[in-house]
Amino acid sequence: MNGKMTAAVLYGKEDLKIEKVPIPRVEKGEVLVKVQVALTCGTDLKVFQRGYHARMIVPPALFGHELAGVVEEVGEGVVSFKKGQRVVALNSAPCQMCFYCSKHQENLCEDLLFNNGAYAEYIRVPRRIVEANMLVIPPNVSFEDAAMTEPLACVLRGLHETGVEIGDTVTIIGGGPIGLMFIQVARAIGCNVIAVVKRDEQVAAAKHMGAHEIVQTTKQQNVVEAVRALTPQKRGCDVVIEAVGRPEAWEWAIDMVRKGGTVNFFGGCASGSKVQLDTNRLHYSEITLKATFHHTPETVRRAFGLIAAKKIRPTDYITGEAPLSSLQKVLRAMLNRGGAIKTAIIPGH
């Protein structure tokens, strides 16, 4: 396919232009997808704000990574997909050959291949993603729902790696899309969920997703004490998941967990951030500290299965839609803490 397409190009900090660029040419094993929907997310917001992503993107670059669409063209040798199929293409794929892949830690792959460019009319899906992390969408699943596979896969992996059990008291710090998804999934698996959020609209969203208790940081002098007061004998939570990416919240998480409990630092802080740890408390209270990053092909399929079976309600997270031409305005509104959780960006409008 020749010709031009409309796409968002990131040039630097909060510098985004909607431009005409060449439609990508597909090589052997690759697939060209006509994007039907691309979802905004916290990572894209950070990339927009900072102007880059250490692992994923160096400007000027096409931008965006949560998408679903229709196969427009298949490269030579592609047999699993054909023109016209509805697909979700993930934003990365591991090499399957390195040390980390051999240890079932594909998210830490030494050659993890990322793909950006969802905020565009078309996106080229590299061969490795076509082979490992592209899935056909069933007829009863919408493009918007399918595009939620990537963030849900990260959340499922986070809960699994944290060792959350039925009946645990789990505190989730953060009321963004990822925090809300942790609330919904933790509630669904039988946990007692405490949400720590900042803004009034996040309180409402956390309630809607099933949080049993809510602590609003702007209404509390001591957030840690407020959370511990909601636990039996004020002993603290079994599990705390930090889904904001701020050093202060990382420190809160350690102070909120009970003796023998587990903290998951899920939110990525800005490069160069440091936190202080109370070594006595960590040692004598046997606290487990974990961090989980990204997803694996296995959790991608698990997430996709939950969405296809209607066990998760992705549409709860999509609070609006906008044309590609409005992307910069949408991202700026998110920076200014508008009420939107996720916006579905519709190319071609």
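The values are calculated or read from the model by the stated rules, or taken from the named source; none is laboratory data. Quick caveat: nothing in here was measured; it's all calculated off a predicted structure. No Cβ is skipped: glycine too gets one built from the backbone with ideal geometry, and neighbour counts run over all protein chains shown.
Flag set for Ala54, criterion: modelled with pLDDT under 80 and surrounded by fewer than 17 Cβ atoms within 10 Å (Cβ to Cβ). Out of all the residues in the stretch 73-83, is one or more without any contact (Cβ under 8 Å) to a residue 40 or more places away in the chain and not basic (Lys, Arg)? Yes, the conditions are met somewhere in the stretch 73-83.
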